[in-house]
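Scroll down for the structure; my scribbles are underneath it.
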Amino acid sequence: DREGGTARTFGYLFARTEDWARLGLLLLREGQYNGKAVVPPDYIREMLKPSPTEPTYGLGIWLANDEHQRQDREPPFAAPGIFYLDGRFKQRVYIIPSRDVVIVRVGEMPTTPVLASDWPASQLIVDPWRTESPPGLTPR
């Protein structure tokens, strides 16, 4: 924003919750909006391919990876094929194709030690069809 300044190579996209949900729906529907392709489906599929060096990351998008979850000693994601946009303080847009669901999480990350230390991504998405909670998650 000034001569000699440093370029921001990361992004800031300020949007309303509803707009994040629309973006999630656009990704869920492989680039279709009102029956019209606004992003080529091949590009969306390319976004969802894991990087050769980082299996949890595609093209600008994070991919749920249960093997990575196990390595980090976190519970697995509730459904296969989940991918998500990740913002500051874990503000996220989760896309769950197998359930035809988009979840938008906005707000600050909890700062209370009990909450902040127990904030694995996989636990935000609890499979509502399960009869019991995933390990480590107690219903409130």
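The values are calculated or read from the model by the stated rules, or taken from the named source; none is laboratory data. Just so we're clear, the structure is a prediction, and the values are computed from it rather than from any experiment. Glycine also receives a Cβ, built like all others from the backbone with ideal geometry; neighbour counts cover every protein chain displayed. Just so you know, the surface numbers come from the protein's heavy atoms only, side chains and all, with ligands and any DNA or RNA stripped out. Shrake-Rupley method; radii C 1.70, N 1.55, O 1.52, S 1.80 Å.
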When only the heavy atoms of the protein chains count and the probe is 1.4 Å, how do F14, F89, F83 rank by accessible area, highest first? F14, F89, F83
For region 1-53, which GluC sites (Glu not before Pro) are both in a DSSP coil and crowded by at most 15 other Cβ atoms within 10 Å? E3
Set the Förster distance to 25 Å, then compute FRET efficiency between M47 and E3 from the Cβ-Cβ distance, nearest 0.05. 0.10
Could you sort L85, L13 by accessible area so the largest value comes first, with the probe set to 1.4 Å? L13, L85
Can you list residues from other chains, or at least 5 along the same chain, whose modelled amide H is less than 5 Å from the amide H of A15? none
Descending accessible area (1.4 Å probe), largest on the left, turns R29, R105, R88 into R88, R29, R105
Subtracting the Cα-Cα distance of Y12 and E108 from 0.36 nm times their residue separation yields 33.0 nm
Just grab the label-to-label distance for D19 and Q91, each label 7 Å out from Cα along the Cβ direction, in nm (one decimal). 1.0
Roughly what would the spin-label model give for S98 and Y57, points 7 Å off Cα along C-beta, in nm? 2.5
